[in-house]
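Colleague: Please find one structure pasted underneath; my questions will follow.
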Amino acid sequence: MDLAVDDADAREREELTAHLKYLVDRGFEGVPVTDDGEIEALVYHRFWSSGALDVVVVVDRNDVDALRASGVDPRNPATLGSGTVEWRTSGSVIDVVAAMLARPAPDGVPIRTTGSSPLVPACRGLWTP
């Protein structure tokens, strides 16, 4: 996973970090996906009381996927695979985060799941803070 951006200048590093922080500032919870102690990806998720789910998966600074799904209950992990994808995009950290945050909010309010994230049993090697 190349988020260290060793070949990038300090301004680009700050911009990438700021965009990931924007997600957290707007109610997303982030968890790293690990394999043998190495971070393979960062997964940011935000559940809504209306049954919507926003997900941003960062594999590399230029390999990011995001989606919004409906019909997902954060208290029931079995619903994670049965939701309907309403919107999806891919691209760089900056482009995808900007696109996700530009989406109109679905009905309801964000639900915090820290400590009991239903994504944990659904993803091998997922760690929650």
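Throughout, read-outs are computed from the coordinates displayed, never taken from laboratory work. As the structure is a computational prediction, the values presented were derived from the model and not from experiment. Reconstructed Cβ throughout: ideal geometry from the backbone, glycine too, with neighbour counts over all protein chains shown.
Colleague: Once Lys and Arg get +1 and Asp and Glu get -1 on their Cβ, which of Gly71, His19, Val109 lies farthest toward the positive end of the dipole of the stretch 10-118?
Modeller: Farthest towards the positive end: Val109.
Colleague: How many times 2.2 N^0.38 Å is the alpha carbon radius of gyration of the stretch 10-112?
Modeller: 1.07
Colleague: Now, a different point. Just grab the label-to-label distance for Val59 and Ala10, each label 7 Å out from Cα along the Cβ direction, in nm (one decimal).
Modeller: For Val59 paired with Ala10, the spin-label model returns 3.3 nm.
Colleague: Testing the spin-label approximation: label points 7 Å from Cα along Cα→Cβ at Ala98 and Thr79. State their distance in nm.
Modeller: 3.4
Colleague: How large is ³J(HN,Hα) for each residue in the stretch 25-40, as worked out from phi by the Karplus curve 6.51 cos²θ - 1.76 cosθ + 1.60 (θ = phi - 60°), to whole Hz, x for Gly and Pro?
Modeller: 4, 9, x, 7, 10, x, 9, x, 9, 10, 9, 6, x, 9, 6, 9
Colleague: Moving to a separate point now. What does the charge dipole of the stretch 1-111 about its Cα centre add up to, to the nearest 20 debye, if the Cβ of each Lys and Arg holds +1 and the Cβ of each Asp and Glu holds -1? If you can, show how the numbers build up before the last one.
Modeller: Numbers: 10 positive and 21 negative charges, 149 e Å.
It works out to roughly 720 debye.
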